[in-house]
Amino acid sequence: MIKFFRKIRQKLLSENSFRKYLVYAIGEIVLVVIGILIALAINNYNENIKDERLGRNLLERIHNDLVQDTILFKKTIEANNKIRKDITSLLSTAFRGVENKEQVEGMSSIFDKALDQVFSYNKTTFNSMIGSGTLGYIKNIELKEQVVELYNTYEDVEELLTSINQWMLNVTSALDTKTNFIKFNNQVSDIFTLEEMVSHKDFDFINNKKSEEFQILIRAISATAFNQKVRNAYYENLVQKCDSVLLEINTELNN
């Protein structure tokens with residue numbers, strides 16, 4: 001093709017036809033410009049296809065994360081509802097009084113389960129998008145804002161629940177400082193190998209409802225109930241938000 005155009009130029013020059021050569025030169029420039037424009041259009045098209053695929057891939061990954069989060073939150077709500085019943089049983093046992101260390105060990109076991117509350121969610125994909133600047137590949141601006149808002153809510157909930165955990169730690173510290181309740185924890189009870197190491201006196205405070213130690217225990221039990229109830233409220237709200245964003249992602253992916 002290049003040789004073809006070269007021959008034409010040479011022929012026109014040999015004929016000393018400047019006007020024809022000028023028309024030809026302009027035509028050649030136009031053809032080059034058209035070729036460049038076509039190449040740019042093809043390149044832009046390919047880039048748009050690539051960006052669209054990447055955006056879909058990111059949405060699919062976010063979708064998968066939110067599905068897993070929703071499953072986890074629902075399981076936690078279910079587990080917390082069971083804990084709620086156990087806490088009710090624990091409180092009843094405390095007010096009825098105890099006769100042996102086995103009963104106290106059972107109370108301690110329930111108390112431990114109620115304390116074991118960790119908020120977790122899948123944030124690897126979203127953090128990666130923020131870090132790499134690929135969030136912009138989600139072209140649906142409204143959907144992108146919903147995703148960002150949801151993960152901001154995650155962070156807010158995490159901060160709030162961390163504060164509650166600190167409060168629970170203070171409550172537990174008071175219980176450990178004022179009573180021997182920790183002796184009956186299954187994480188430490190095995191070290192008390194001699195009979196005289198654990199006696200009836202260690203849990204007598206549970207049978208004395210007017211004692212300060214008993215009131216501290218009741219406050220600690222009440223705190224675990226508060227912890228469970230508040231967490232479930234947050235989890236239920238997050239499930240609703242996740243479901244809403246998942247619906248929007250499904251709609252976008254099916255378009």
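The values are calculated or read from the model by the stated rules, or taken from the named source; none is laboratory data. Everything numeric here is computed off the predicted structure, so don't read it as measured data. What goes into the accessible areas is simple: the full protein's heavy atoms, side chains included, and nothing from ligands, DNA or RNA. Shrake-Rupley method; radii C 1.70, N 1.55, O 1.52, S 1.80 Å.
Translational diffusion coefficient of region 136-252 at 10 °C, 1.306 mPa s, Stokes-Einstein with Kirkwood Rh over Cα pairs, in µm²/s as a whole number.
Answer from the Stokes-Einstein relation: 88 µm²/s.
Set the bar at 29 Å for Cα to Cα. Now go through K75/K201; K183/K209; K85/K209 and name every pair that lies beyond it.
K75/K201, as the Cα separations exceed 29 Å there.
Give the average over all directions of the projected area of the C-alpha convex hull of region 60-105, one decimal, in nm².
Mean shadow area of the hull around the Cα atoms is 4.0 nm².
In a solvent-free Debye calculation with one equal scatterer on each Cα, what is log10 I(q)/I(0) for region 109-156 at q = 0.26 Å⁻¹, listed in the order of the q values?
Values returned for q = 0.26 Å⁻¹ are -1.02.
With every protein chain left in place, what is the accessible area per residue of region 169-209 in square angstrom, probe 1.4 Å?
Here the per-residue accessible area is 65 Å².
For L194 and R96 in one chain, what is 0.36 nm times their gap in residues minus the Cα-Cα distance, to one decimal in nm?
Computed gain between L194 and R96 is 32.5 nm.
On a full-extension model of 0.36 nm per residue, what is the gain between K74 and R61, subtracting their alpha-carbon distance, rounded to one decimal in nm?
Fully extending the segment from K74 to R61 adds 2.7 nm.
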